[in-house]
Ligand SMILES: [Zn+2]
């Protein structure tokens, strides 16, 4: 329902923009169009709106009749399915997922039948293009990665892809998105250009780390100089600093990794802390500003927005990620201590930084989530001591400052291999972390070591145990149940939790899908409980204020769907997760 209206709104908005543009030109007569031409454009635009209305009416009817039928079918077959479950629980997952897939396919095929973007938009656009003699229509989509995968799929497949592939280059999209947060679907890849904005991707073509750093510094200088030309017409930007120009740019690159938005924040913090008090900006002031940015933006955003900026393929939970970050920081603190005591020549440098570390490329993607959220950045690709392709990561400058780690990379030739020292290789730490808390698990509950992930990927994540039994079930990365069960039982004994472990699992399933609401049946599948078992526990959880009914969805789908409440997240989930974290730390 939401998606449908969204696409409709976008189309109407484009229509309005073209109208505005036309009105403007009517006064200016820039195009030299006569009144008749503008009239005919207006007719085409109205065509779009009229067709849109009738198309969406058809979609409404289609969705209700077809998906309605599908749901009825599900209801009437409920008994026989339940029966099968009790005999062979394994049928459970397959049958129902099939149903759900059917509903989704139904939704897609209805869209395909009625929403013909080509005749609705493209043909009308092309007519307008002819009349005005316009070459391109540019559509800018900013912050596209904020939309979740489900919505991106529909929007990309039914709107962007057809416009991009079939409009004879008339419609051009410019889409801003984070890496790993863009669904490409049916978009013709040969018709798009990728432009990387982060430091490493932009300069990756240069194999030498020194050359990359030079280019990054050059970029930083040009970025600053181009902006200051606009805002410092009567004064010199560099007069505001108590730092030499070359050092300033190096520091600004270190604190921001050349992300303009971050740079802007940090400079405005410096303005607040120094300039308005009549003091020049010092190195320490920039450092403090970087720390403030880390605490106020990076950290708080990650904690308050657990659903938004995660790579789509990422199944690893947030608590697990923060726990991993703590381990990395602790390791670097430990390194700092041992380096101070070391007499090795390689560590004979001022400040002895411990901000960078090396990870084998096979594991480096496990850090995607932390990178996407600004805790660390890919600094370079290198070969480690054993000549294995690896990634040199840099922790965020503000984060380092918060934890008293010196930031930097020794640049003279004698100390070029500083971070190649084995103490900065974090492969073991990362492998152990994921092995101790994450497992691969299939929908029927077979568990495997996380370390086997690469091998599983070759077999398309199919569960080998199930395969021996002649069934196909995919494995997913998840928190080990064994460990979770033990820990939760522990907590149950000692805490004031109002729910038992079974009820906790129901809440956890809701939390994992939140903000999407789920019906009892789906909850049954996710927790391996029967539908009746779930149904019995729902009233208690509602009474405690831990779940609520999703009114709108329940009404449309004629079946009750439940949502987890903020109270449950705060009083149950967070309590349990932080307790688990504590225990891991003690270990
Ligand atoms: Zn299995």
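Residues are listed down the side, and each one gets a yes or a no for (1) away from the ligand (no atom under 16 Å from the Cβ); (2) in contact with a strand residue (DSSP E or B) (Cβ under 6 Å, 6 or more places away or on another chain); (3) modelled with pLDDT under 80:
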site	(1), (2), (3)
383	yes, no, yes
396	yes, no, no
400	yes, no, no
406	yes, no, no
420	yes, no, no
423	yes, no, no
428	yes, no, yes
438	yes, yes, yes
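Using the structure shown, decide if residue 415 is within 23 Å of residue 391 (Cβ to Cβ) and touching a helix residue (DSSP H, G or I) at 6+ places or on another chain (Cβ under 8 Å). Spelling it out, residue 415 is indeed within 23 Å of residue 391 (Cβ to Cβ) and touching a helix residue (DSSP H, G or I) at 6+ places or on another chain (Cβ under 8 Å). Taken over the range 454-472, the residue count meeting the criterion of being under 28 Å from residue 361 (Cα atoms) and either near the ligand (Cβ under 7 Å from one of its atoms) or surrounded by 13 or more Cβ atoms within 10 Å (Cβ to Cβ) (or both) is 5. Confirm whether residue 496 is outside any helix (DSSP H, G or I), at pLDDT below 85 and out of contact with any helix residue (DSSP H, G or I) (no Cβ under 8 Å at 6 or more places or on another chain). Considered against the rule, which asks whether it is outside any helix (DSSP H, G or I), at pLDDT below 85 and out of contact with any helix residue (DSSP H, G or I) (no Cβ under 8 Å at 6 or more places or on another chain), residue 496 comes out as yes. Looking at the structure I just gave you, is residue 446 touching a helix residue (DSSP H, G or I) at 6+ places or on another chain (Cβ under 6 Å), within 16 Å of the ligand (Cβ to nearest atom) and not assigned by TED's automatic domain parsing to the domain that holds residue 526? Spelling it out, residue 446 is indeed touching a helix residue (DSSP H, G or I) at 6+ places or on another chain (Cβ under 6 Å), within 16 Å of the ligand (Cβ to nearest atom) and not assigned by TED's automatic domain parsing to the domain that holds residue 526. Can you tell me which residue within the range 550-582, out of those that are surrounded by 17 or more Cβ atoms within 10 Å (Cβ to Cβ) and without any contact (Cβ under 8 Å) to a residue 40 or more places away in the chain, is farthest from residue 506 (Cα to Cα)? Going through the qualifying residues, I end up with 553. Return yes or no: is residue 251 within 17 Å of residue 401 (Cβ to Cβ) and surrounded by 12 or more Cβ atoms within 10 Å (Cβ to Cβ)? So residue 251 passes the test. Taking the condition more than 16 Å from the ligand (Cβ to nearest atom), within 28 Å of residue 561 (Cβ to Cβ), modelled with pLDDT under 75 and in contact with a helix residue (DSSP H, G or I) (Cβ under 9 Å, 6 or more places away or on another chain), does residue 508 pass? In short, no. Only one of the numbered conditions (1) under 24 Å from residue 321 (Cβ atoms); (2) buried (at least 18 other Cβ atoms within 10 Å of the Cβ) is not met by residue 365, and that is (2). When residue 478 is tested against (1) modelled with pLDDT under 85; (2) within 16 Å of the ligand (Cβ to nearest atom); (3) part of a loop (DSSP other than H, G, I, E, B), exactly one condition is not met: (3). Filter the range 230-279 down to the residues that are in contact with a strand residue (DSSP E or B) (Cβ under 6 Å, 6 or more places away or on another chain) and closer than 16 Å to residue 215 by Cα, then identify the one that is modelled with the highest pLDDT. If we take residues in the range 230-279 being in contact with a strand residue (DSSP E or B) (Cβ under 6 Å, 6 or more places away or on another chain) and closer than 16 Å to residue 215 by Cα, then 248 is modelled with the highest pLDDT. Within the set of pairs 6 or more residues apart or between chains, which connect a residue that is touching a residue at least 12 places away in the same chain (Cβ under 8 Å) inside the range 452-465 to a residue that is more than 14 Å from the ligand (Cβ to nearest atom) with Cβ atoms less than 8 Å apart? What qualifies is 453/477; 454/362.
Matching residues to (1) modelled with pLDDT of 75 or more; (2) under 18 Å from residue 372 (Cβ atoms); (3) not assigned by TED's automatic domain parsing to the domain that holds residue 260:
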position	(1), (2), (3)
153	yes, no, yes
158	no, no, yes
172	yes, no, yes
177	yes, yes, yes
183	yes, yes, yes
212	yes, no, no
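Per this entry, residue 374 is not counted among residues that are within 16 Å of the ligand (Cβ to nearest atom) and either surrounded by fewer than 16 Cβ atoms within 10 Å (Cβ to Cβ) or within 21 Å of the chain's Cα centre (by Cα) (or both). Per the conditions (1) away from the ligand (no atom under 13 Å from the Cβ); (2) modelled with pLDDT of 85 or more; (3) over 30 Å from residue 387 (Cβ atoms), the sole criterion not satisfied by residue 410 is (3).
The values are calculated or read from the model by the stated rules, or taken from the named source; none is laboratory data. Remember, predicted model here, so these are calculated numbers, not experimental data. Note: ideal-geometry Cβ built from the backbone for every residue, glycine included; neighbour counts use all protein chains shown.
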